[in-house]
Every structure is written in structure tokens, then in C-alpha cells.
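Here is the structure we will look at, set down as C-alpha cells.
The values are calculated or read from the model by the stated rules, or taken from the named source; none is laboratory data. All values reported here derive from a predicted model rather than from experimental measurement. When the accessible area is computed, the model is the full protein with side chains, heavy atoms only, and any ligands, DNA or RNA have been set aside. Shrake-Rupley method; radii C 1.70, N 1.55, O 1.52, S 1.80 Å.
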Amino acid sequence: NAHLFYLICRSLDERTELIAHLKAQGIASVFHYLSLHKSPYFADKQDGRDLPNADRFTDCLVRLPMYAGLGIDGAEYVVAAVLKFYAGR
């Protein structure tokens, strides 16, 4: 759909470190996903069962600042910063 680009990190710690690394490079990335069963509205409507996959994405998904107007140079800068982070791991 070309309006949302994300990575799924291996853990909450990795996501936190990646966001900090990108911020140090001048790139604003954020976590984006909140499981509906943990949202204030839906929490009391959920039937109580464990939803481990939804919880995993809540902790591990990071949204990258990639959008149509970013341009090739901007996109390559973001990608290079992500690759640099993972090369050091």
C-alpha cells in the first residue's frame, strides 16, 4: 500500500536499540502497533485468551519513515542506517 513500511525486530530490546540508533542518525522511527486486546477501549471486551502473536508485534514492530515524497536519496539513507545497525550485531 506504499504508506507504511516497518520491520519486525527480534525483541523489544532490539527495537528500542534500533530506534535509538536511527534517532542518532537523524531518522525518526517509531513503534506503531498496539494489540487491540491491550488497547484501553477493547481491553475489557476481549475474552481473556492469550494472543502471543499480537503481543509479539506490539513489542517488536518498528515503523520506518519511508513515504512517496522521501525520494531515492532519503530512502537509501534510511536503509543504510538500518543495515549499519544490523551489521554491528
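Accessible surface computed residue by residue for the chain, with neighbouring protein chains in place and a 1.4 Å probe, gives 70 Å² per residue.
Of all aspartates and glutamates in the structure, the ones whose alpha carbon falls short of 19 Å from that of Lys38, not counting any fewer than 8 places away in one chain, are Asp47, Asp50, Asp55, Asp59.
Membrane-span-like helices of the chain, defined as complete DSSP H segments with a Cα extent of 15 Å or more along the helix axis and a mean Kyte hydropathy of at least 0.0, are identified as 71-87. Counting heavy atoms of the protein chains alone, His32 has an accessible area of about 90 Å² for a 1.4 Å probe. The aspartates and glutamates whose alpha-carbon is closer than 19 Å to the alpha-carbon of Lys84, local same-chain residues fewer than 8 away aside, are Asp13, Glu14, Glu17, Asp73, Glu76.
Ranking Arg15, Arg10, Arg56 from most to least accessible surface, computed with a 1.4 Å probe over the protein chains only, gives Arg10, Arg56, Arg15. Largest mean-square fluctuation among Leu12, Leu70, Leu61, in a Gaussian network model of the chain whose springs join Cα atoms under 10 Å apart, belongs to Leu70.
Can you compute the helix-only [θ] at 222 nm over the chain? Use -39500 (n - 2.57) per DSSP H run of at least 4 residues, normalise by all residues, nearest 500 deg cm²/dmol.
Numbers: 3 runs with 39 residues, N = 89.
It lands at -14000 deg cm²/dmol.
Here is the tail figure for the chain: Cα pairs spaced more than 15 Å apart come to 63 percent of all pairs.
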